[in-house]
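One structure is given here, and the rest of the page talks about it.
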Amino acid sequence: MADFLISLLILFLSLISLTLFVLFYKHKSLFSYPNTPPGAIGLPIIGESLEFLSTGWKGEPEKFIFDRLNKYKSDIFKTSIVGVPAAIFCGPACNKFLFSNENKLVTSWWPDSVNKIFPASTEINSKESAIRLKKLLPRFLKPEALQRYIGVMDELAQRHFASSWENREQVLVFPLAKSFTFSLACRLFVSLEDRIHVERLSEPFQSIAAGIISMPIDLPGTPFNRAIKASNFVRKELLSIVRQRKSDLAEGKASPTQDILSHMLLTCDEIGQYMNESAIADNILGLLIGGHDTTSAACTFIVKYLAELPQIYDGVYREQMEIAKAKAAGELLKWEDIQKMKYSWNVGCEVLRLASPLQGAFREAINHFVFNGFYIPKGWKVYWSSNSTHKNHAYFPEPYKFDPSRFEGNGPAPYTFVPFGGGPRMCPGKEYAKLEILVFMHNLVKRFKWTKLLDKEKIIVDPLPIPEKGLPVRLFPHKYLSL
């Protein structure tokens with residue numbers, strides 16, 4: 001019996017050893033190309049993922065990048081993150097190359113875990129669907145089209161501050177910012193205004209956001225499993241909304257220009273094909289996530305920096321009050337008012353530089369190519385990092401100093417300020433985000449000054465930068481509103 005157990009143990013250890021050998025051999029073979037960038041490949045499957053993620057959890061995501069830039073003395077280095085071989089591209093020349101070669105040498109890529117949460121995303125992220133969406137969205141999200149929604153944004157912001165901020169001594173900023181941006185996205189994208197319905201959708205969206213960056217373990221109770229269930233729930237809800245709108249449009253009960261949903265239902269491609277209902281629901285799901293997560297982080301950090309920097313707050317306050325005092329009672333913001341918010345937008349840009357919601361993004365090499373003398377094999381993932389320029393003293397002197405004057409005149413050098421990406425894959429919601437942030441700032445500063453309740457609250461990046469405790473602040477209402 002003892003001999004039998006020993007034999008089983010030896011067999012088990014042999015299988016483990018063989019499995020590890022195969023994993024190491026396969027892992028190493030993925031990097032066995034000549035003249036690839038310098039770097040380390042780490043362990044099979046894990047690679048350097050833990051260090052890549054942990055620097056963000058510690059609030060310094062740029063450390064992973066700058067440690068390797070200093071070590072390898074190269075703007076391109078290789079690593080293994082999220083289970084795949086990757087080349088990290090850093091600096092404006094790399095940004096320009098990647099942004100200029102979208103769908104030529106590289107294409108957008110997401111880890112398999114994202115496709116499990118968004119099972120239809122393989123269609124959404126395909127080259128053909130991306131091109132269709134890219135052509136469709138700018139018609140709705142370009143400045144000229146968005147002008148008519150400024151009053152709606154202002155009205156919703158006024159209601160938000162009246163119901164959630166006023167008559168309170170203290171508030172928790174991050175969840176309130178998320179509530180505002182999500183409500184606005186629901187209103188402008190699908191004309192959803194019912195508060196109960198919006199709240200019913202809001203909680204699943206939080207589960208989706210948490211699951212996207214969690215370990216992809218699909219077991220009951222895990223964040224990943226909850227995200228999959230939440231995505232399925234939201235998709236069904238959105239499909240119901242899409243079908244109801246389709247019926248309302250046919251009966252003349254809805255306007256063809258009222259929101260992105262109507263626009264998607266009524267817009268065909270070059271060969272006369274319309275998106276089907278499921279594809280529209282999936283696209284709206286992605287837009288609702290992208291349309292509120294990043295801007296809620298930006299709005300939260302605006303509150304943080306204005307609390308820490310009284311002189312910056314005073315500049316924003318003076319500009320916004322000139323606009324507010326020139327308005328008639330009850331008059332909503334207009335396009336002309338937004339154009340006057342130059343200093344406020346410089347402040348917003350500096351917030352986006354120091355606390356960029358988009359830390360970077362993956363691409364996949366669809367062809368072999370050589371750049372800066374390094375060979376990048378077909379199939380390798382390529383990651384560009386906003387922090388490689390945003391927090392680099394070579395492009396922004398004293399990079400950790402808050403200085404809105406960086407954006408005066410011609411502003412930063414090309415391809416150094418990239419909070420919205422660039423090239424064909426530049427975020428189509430850039431102008432929407434700008435309007436949303438400025439309307440939020442206007443309604444905030446004309447009502448309050450505030451102080452932080454936690455002087456040294458930790459910032460974590462997971463994958464968006466957020467204050468660990470949600471940024472609690474004490475409010476001090478202005479007398480202006482009671483005049």
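Okay, here's what the table says:
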| item | result |
| --- | --- |
| Separation between Cα centres of segment 37-98 and segment 140-184, rounded to whole Å | 37 Å |
| Loop-located trypsin sites (Lys or Arg not before Pro) in segment 233-274 whose Cβ has at most 11 other Cβ within 10 Å (DSSP) | Lys253 |
| Ranked order, Cys427, Cys299 - accessible area, probe 1.4 Å, largest first | Cys427, Cys299 |
| By accessible area with a 1.4 Å probe, ligands and nucleic acids excluded, highest first: order of Glu398, Glu166, Glu457 | Glu398, Glu166, Glu457 |
| Gyration tensor (alpha-carbon) shape descriptor, segment 263-394, a/c threshold 1.5 | oblate |
| Given Lys58/Lys391; Lys381/Lys401; Lys446/Lys469; Lys104/Lys381; Lys71/Lys96; Lys327/Lys446, the pairs whose alpha carbons are separated by over 21 Å | Lys381/Lys401; Lys446/Lys469; Lys71/Lys96 |
| Span-rule helices in the chain, defined as complete DSSP H runs reaching 30 Å or more along the axis (Cα) with Kyte mean at least -1.0 | 2-29, 223-250 |
| Whole-Å semi-axes of the ellipsoid equivalent to the chain (Cα gyration tensor, √5λ, descending) | 40, 28, 24 |
| Probe 1.4 Å - accessible area at Arg200, Å² to nearest ten | 110 Å² |
| Accessible-area value, Leu285, 1.4 Å probe, nucleic acids and ligands omitted, Å² | 0 Å² |
| Carbon and sulfur %, accessible surface of segment 332-483 computed with the full protein complex present, 1.4 Å | 55 percent |
| At 1.002 mPa s and 20 °C, Stokes diffusion of segment 158-281 via Kirkwood alpha-carbon radius, µm² per second | 129 µm²/s |
| Accessible area per residue, Å², the chain with all protein chains present, probe 1.4 Å | 48 Å² |
| Lys/Arg +1, Asp/Glu -1 at C-beta; the chain dipole; positive extreme among Asn103, Gly373, Phe189 | Gly373 |
| DSSP bridge pairs, the chain: antiparallel proportion in percent, nearest 5 | 85 percent |
| Distance from segment 249-306 to segment 436-470 (C-alpha centre basis), Å | 26 Å |
| Amide hydrogen neighbours beyond the local backbone of Phe89, cut-off 5 Å, H modeled | Tyr383, Trp384, Ser385 |
| Residues whose placed amide H lies under 5 Å from that of Val171, excluding near-sequence neighbours | Val473, Leu475 |
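The values are calculated or read from the model by the stated rules, or taken from the named source; none is laboratory data. The shown structure was predicted, so the numbers you read here are calculated from the model rather than taken from an experiment. Using ideal geometry, Cβ is built from the backbone for each residue, glycine included, and neighbour counts are taken over all protein chains shown. What goes into the accessible areas is simple: the full protein's heavy atoms, side chains included, and nothing from ligands, DNA or RNA. Shrake-Rupley method; radii C 1.70, N 1.55, O 1.52, S 1.80 Å.
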